[in-house]
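Colleague: I have a structure I would like to understand better, so I am pasting it below and will then ask my questions one at a time.
The values are calculated or read from the model by the stated rules, or taken from the named source; none is laboratory data. Computed from a prediction, not measured in an experiment: that's the story for all the values here. Here the Cβ positions follow ideal geometry from the backbone for every residue, glycine too, while neighbour counts run over all protein chains shown.
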Amino acid sequence: MSGMARPRTPRRMSPQRRREHLIEAALDLFTTTGPELVSVDDITRAADVSRALFYRYFSSIGELRVAALTAVVEELSARIADPGGDGPLDQLRFALNAFLDVTGRHAKAYVALLRSGSVVASGDTAALVDGVRNLIVRLVVERSGVPDPSPLFLMTVRGWVALAESATVSWQQDPTVPRDQLVEWLMGQLIAMLAENARHEQVPAVAF
């Protein structure tokens, strides 16, 4: 409400809560500004703390970026790992919607994670991205019911993950395609890719 003062940040916090508060401030800033453009001064203003206090918890803006991006990845991993449906197709649909929810809320941070040439790119951020990709591959394999996936099957699933990743980034930047249509399209792409793989390997196609 206009005319009302914005509540001040509590002065007394546990060390863990203070660290979380700084990460939350960073993520709030990342919703409108790319992580590479956010400075220590931006964080301290948003969190209503001094620079000295900031450096008590993080050695640099780079360390805070990694911590904030880790928080995004942890949320993403937790959401997509939730079965969220009775059958494989429902579970896939639920996971794709969860993926779009989290990446949409943290779009600039997510894009920064994927841009290998960005300021935020590092061995740590590459490991975060690979961790999410590997988790999605594992979940798709588990929910497909294939007990012993072949190298070509795994290659197919990884190719679909790359497609889903690229499509998500494009959609976040230009969401002209209805979200439900995007989800169903991505599901159809996976089914079609696995059917083509089954044809090459001369095995029954996965029945989602």
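Colleague: Determine whether residue 143 is of a type in the set (D, E, K, R), in contact with a Phe, Trp or Tyr (Cβ under 9 Å, 6 or more places away or on another chain) and either surrounded by 12 or more Cβ atoms within 10 Å (Cβ to Cβ) or more than 25 Å from residue 68 (Cβ to Cβ) (or both).
Modeller: Values: of a type in the set (D, E, K, R): yes; in contact with a Phe, Trp or Tyr (Cβ under 9 Å, 6 or more places away or on another chain): yes; either surrounded by 12 or more Cβ atoms within 10 Å (Cβ to Cβ) or more than 25 Å from residue 68 (Cβ to Cβ) (or both): yes.
Answer is yes for this residue.
Colleague: Hey, another quick one. Mind listing just one residue for me: the one in the stretch 42-75 that is of a type in the set (Ser, Thr, Tyr) and closer than 15 Å to residue 28 by Cα and, of those, surrounded by the fewest Cβ atoms within 10 Å (Cβ to Cβ)?
Modeller: Filtering the stretch 42-75 for residues that are of a type in the set (Ser, Thr, Tyr) and closer than 15 Å to residue 28 by Cα, the one surrounded by the fewest Cβ atoms within 10 Å (Cβ to Cβ) comes out as 70.
Colleague: Within the set of pairs 6 or more residues apart or between chains, which connect a residue that is over 16 Å from residue 131 (Cβ atoms) and without any contact (Cβ under 8 Å) to a residue 40 or more places away in the chain inside the stretch 58-76 to a residue that is assigned to a helix (DSSP H, G or I) and of a type outside the set (Lys, Arg) with Cβ atoms less than 8 Å apart?
Modeller: From residues that are over 16 Å from residue 131 (Cβ atoms) and without any contact (Cβ under 8 Å) to a residue 40 or more places away in the chain, the pairs are 58/22; 58/64; 58/67; 61/40; 61/43.
Residues checked against (1) of a type in the set (A, V, I, L, M); (2) surrounded by 13 or more Cβ atoms within 10 Å (Cβ to Cβ):
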residue: 162; (1), (2): yes, no
residue: 166; (1), (2): no, no
residue: 169; (1), (2): yes, yes
residue: 180; (1), (2): no, no
residue: 198; (1), (2): yes, yes
residue: 206; (1), (2): yes, yes
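Colleague: Are any residues in the stretch 36-69 hydroxyl-bearing (Ser, Thr, Tyr) and either in the same structural domain as residue 106 (by TED's automatic domain parsing) or part of a loop (DSSP other than H, G, I, E, B) (or both), and if so, which ones?
Modeller: Of everything in the stretch 36-69, those that are hydroxyl-bearing (Ser, Thr, Tyr) and either in the same structural domain as residue 106 (by TED's automatic domain parsing) or part of a loop (DSSP other than H, G, I, E, B) (or both) turn out to be 39, 50, 59, 60.
Colleague: Could you list, in sequence order, all residues of the stretch 76-96 that are surrounded by fewer than 16 Cβ atoms within 10 Å (Cβ to Cβ), part of a helix (DSSP H, G or I) and over 16 Å from the mean Cα position of the chain (by Cα)?
Modeller: 89, 90
Colleague: Just to be sure I understand, how many residues within the stretch 192-208 are touching a helix residue (DSSP H, G or I) at 6+ places or on another chain (Cβ under 9 Å), closer than 18 Å to residue 147 by Cα, without any contact (Cβ under 8 Å) to a residue 40 or more places away in the chain and not small (Gly, Ala, Ser)?
Modeller: Result for the stretch 192-208: 2.
Colleague: For residue 130, which of the numbered conditions (1) under 13 Å from the mean Cα position of the chain (by Cα); (2) closer than 16 Å to residue 162 by Cα; (3) in contact (Cβ under 8 Å) with a residue 24 or more places away in the chain fails to hold?
Modeller: Status for residue 130: all satisfied but (3).
Colleague: Counting just the residues of the stretch 145-182 that are more than 23 Å from residue 129 (Cα to Cα) and hydrophobic (A, V, I, L, M, F, W, C), which one comes out modelled with the highest pLDDT?
Modeller: Selected residue: 177.
Colleague: So which residues in the stretch 166-191 are part of a helix (DSSP H, G or I), out of contact with any helix residue (DSSP H, G or I) (no Cβ under 7 Å at 6 or more places or on another chain) and not aromatic (Phe, Trp, Tyr), if there are any at all?
Modeller: Once the filter is applied, which keeps residues that are part of a helix (DSSP H, G or I), out of contact with any helix residue (DSSP H, G or I) (no Cβ under 7 Å at 6 or more places or on another chain) and not aromatic (Phe, Trp, Tyr), the stretch 166-191 yields 166, 170, 173, 180, 181, 184, 188, 191.
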